[in-house]
Structures are given as structure tokens and as C-alpha cells.
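Working notes, structure below.
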Amino acid sequence: MSPSPSQTFKPVRKAVFPVAGLGTRLLPATKTMPKEMLTVIDRPLIQYAVDEAREAGIEQLIFVTGRGKSSLVDYFDVSFELEATMTAKGKSLEVLELSRADYGELISVRQQQPLGLGHAVWCARHVVGDEPFAVLLPDDLMAGTPGALRQMVDAYNRIGGNIVCAEEVAAEKTASYGIVTPGTSEGNLTEVLGLVEKPRPEVAPSRLGVIGRYILQPEVMDLLDAQEPGAGGEIQLTDAMAKLIGTQPFHAVKVDAVRHDCGDRAGYVLATLKLAMEREDLAPLVREALAGL
Ligand code: UTP
């Protein structure tokens, strides 16, 4: 599992954010508002994911957007009117700092039809080029210090290859995840021998489910060229990743972070509550209100 200590790998500088999905599980909230713009406390989900990517050393943010998703790109603009008005009123602009992209930091490409996560990632192929890249699904809000992607990049810098973030999922939930056929484990790393998308519990090879963070080698784009539909008729990233196994090193890592599945109603509500309980300015109020319920 461990390469020689002197081995170095191409750095992970680019991150793909697939944000072109329809978000049907959160309708009607997501009818006109992108799921990734839903707010947890005081910032949209996309901001949490971008913060995590920047902390991990990512230099180029690649958004894969679709129809009705322009607000995700606009959010990272400079808002001249707002800033001028705030400045005139003597208000600090510090609160807006992280929502501004640096010049050239953000690139958006279009997925004209939501044909699946694999297809969304493939839409970024020309921008990714021949470098390893990260993928972050913003509806998986990862709360951890250091951030989940930082921990994955650290693992990548030691072992290289492809790395997916994974966690043990409930037996009855395997049909909601890509599931790993595990090989040998060392610390928080497990060798990946196979991957299957959304298996029923009785045929799942394990309960180790892939969650919304990946570090992938560019060859996965060649495998996605085939555009073969998989589970649910969608072009699945899992199927292309499965074909890489055996040709390149492939590991799953369990990071020290809590995942909040904000693509789901209950997960979204719990994320807001849990994060509020961790904020000094909100925790006392929230605790008191909850105790009174
Ligand atoms: P989901 O599986 O959560 O699908 O996508 P979804 O369409 O967003 O939501 P539901 O299931 O209908 O409620 C996981 C991630 O992949 C992106 C989504 O935007 C989300 O970030 N995605 C999915 C795309 O960008 N394009 C697709 O064709 C599918």
C-alpha cells in the first residue's frame, strides 16, 4: 500500500464542483433556487465546499452548472452596488471576503442536460486536462478541522493514485451509495478492489459507502468518454472509477469529519442545528430553545 517515501505525485490544484443536478428531493425549495445555494446558518452550501477546497490548496474552481444555476457563479462575483453602499454606510466588507473569487480562480462549464454525476464530471474534461483533480459534491457538507479534502490531499501526497472518501453506512442504505469491495486496510486507508453503484443490501460487497469527495486521476475522463448509462439510467462516476481499479492505485479514506447530507430534508435540518450548536454566537440561544421544546 505504501509507496517509497521519496516518491512525489503531481499536485492536486483543480477541483470540480458538479452543481447541475435537479435537486428533486428538496422540492419545492429547489424549484427556482439551486440546491447548492441553500443556506446553512449564514452561507450557502457552495461556500462551505469552496472554503474546504481552498483550505486544501486548490487553485482552480471548476463549476459544472446547468439551466437555472447562474446564481452559483454570480455569488462569487464582486457586488459593486452592495459594496459601495456598505462602504458609504461605514459597514465592514469583511463578511463578503470569502464570497469573492480571485481573478481567474473560477471557471464554469455547462452540463446542458443532467445525465448523471459521471457525465457532469466529464463535462469538465477540457479544463481538467492531464492533471489529478478533486471532486466535491456541495450537498455533502463536511464539518472537520482540518477539512475533509485537506485530509484527503495529505493522504494523496503520501500514496498518490485515486482516493475516494468513504464511511460505513447503515445496511439498509447501501442502495443509496457507491459501495466499496474492500482490500487490505492500514490506518484510515482501505485498498479498493471494486466499486458498485447502489447495490441492494443483500448483494452489497460491504457497507463502506463512497461520499461526496474524490481525488481522481485524469484517465477517468477517458473512461467516461464511453457515456454508458448505469444505475438509474444515469452516467455514473462509480462505473468509470471501477474500471480504473487494477490499472492505478485506488484507496478509500475515512476522514476525521462529520458528514451532513444536505441533499436530504432531514440531513439539511440537522446540519443547521448541529452547526448552530457549534457556534459561540448561536449555541446558547439554540440550546435554550431546544430545551424548551
Ligand atoms: P444527486 O445525486 O444529489 O442528484 O447529485 P440531484 O439531482 O442533485 O438531487 P436529487 O437526487 O434529484 O434530489 C449529486 C451531485 O451531483 C450533481 C448534483 O448537482 C449534486 O451536486 N449532479 C448530479 C450534476 O451536476 N449533474 C447530474 O446530472 C447529476
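Side notes on the structure shown:
- Those residues of region 162-178 which are out of contact with any Phe, Trp or Tyr (no Cβ under 6 Å at 6 or more places or on another chain) and surrounded by 18 or more Cβ atoms within 10 Å (Cβ to Cβ), in sequence order: C165, A166, T174, Y177, G178
- Residues that are assigned to a loop (DSSP other than H, G, I, E, B) and within 16 Å of the ligand (Cβ to nearest atom), drawn from region 261-289: C262, G263, D264
- Flag if P138 is within 14 Å of the ligand (Cβ to nearest atom), at negative phi and assigned to a loop (DSSP other than H, G, I, E, B): yes
- Of all residues in region 179-216, those being open to solvent by less than 70 Å² (accessible area, probe 1.4 Å) and within 25 Å of P114 (Cβ to Cβ) number 13.
- First in region 16-36 and without any contact (Cβ under 8 Å) to a residue 12 or more places away in the chain and open to solvent by 50 Å² or more (accessible area, probe 1.4 Å), second anywhere and more than 6 Å from the ligand (Cβ to nearest atom) and assigned to a loop (DSSP other than H, G, I, E, B), Cβ under 7 Å, 6 or more apart: A29/L38
- Region 98-150, residues that are farther than 21 Å from Q47 by Cα and aromatic (F, W, Y): W122
- Residue list for region 215-237, filter: within 26 Å of L38 (Cα to Cα) and either within 11 Å of the ligand (Cβ to nearest atom) or at pLDDT below 95 (or both): G232, E234, I235, Q236, L237
- Exactly one residue among A276, A226 is over 18 Å from T190 (Cα atoms) and open to solvent by 50 Å² or more (accessible area, probe 1.4 Å), and that residue is A226.
- Any chance G230 is touching a Leu at 6+ places or on another chain (Cβ under 9 Å) and small (G, A, S): no
- Out of S99, S108, S79, one residue alone is crowded, with 16+ Cβ neighbours inside 10 Å and modelled with pLDDT under 95. It is S99.
- Taking region 58-73 as the range and being surrounded by 15 or more Cβ atoms within 10 Å (Cβ to Cβ) and either farther than 17 Å from C123 by Cβ or among the polar types (S, T, N, Q) (or both) as the test, the residues that pass are I58, Q60, T65, S71.
- Some residue of region 231-243 being polar (S, T, N, Q) and open to solvent by 60 Å² or more (accessible area, probe 1.4 Å): no
- Here H126, H119 are screened, and the one residue that is part of a helix (DSSP H, G or I), under 30 Å from I235 (Cβ atoms) and either more than 16 Å from the ligand (Cβ to nearest atom) or among the hydroxyl-bearing types (S, T, Y) (or both) is H126.
- Every pair of residues 6+ apart whose Cβ atoms lie under 9 Å, when the first sits in region 274-285 and is in contact (Cβ under 8 Å) with a residue 24 or more places away in the chain and among the small types (G, A, S) while the second is surrounded by 11 or more Cβ atoms within 10 Å (Cβ to Cβ) and part of a loop (DSSP other than H, G, I, E, B): A276/I41; A276/L282
The values are calculated or read from the model by the stated rules, or taken from the named source; none is laboratory data. This structure is a prediction, so every number in the text was calculated from the model and none was measured. So basically every Cβ, Gly included, is an ideal-geometry build from the backbone, and we count neighbours across all protein chains shown. When the accessible area is computed, the model is the full protein with side chains, heavy atoms only, and any ligands, DNA or RNA have been set aside. Shrake-Rupley method; radii C 1.70, N 1.55, O 1.52, S 1.80 Å.
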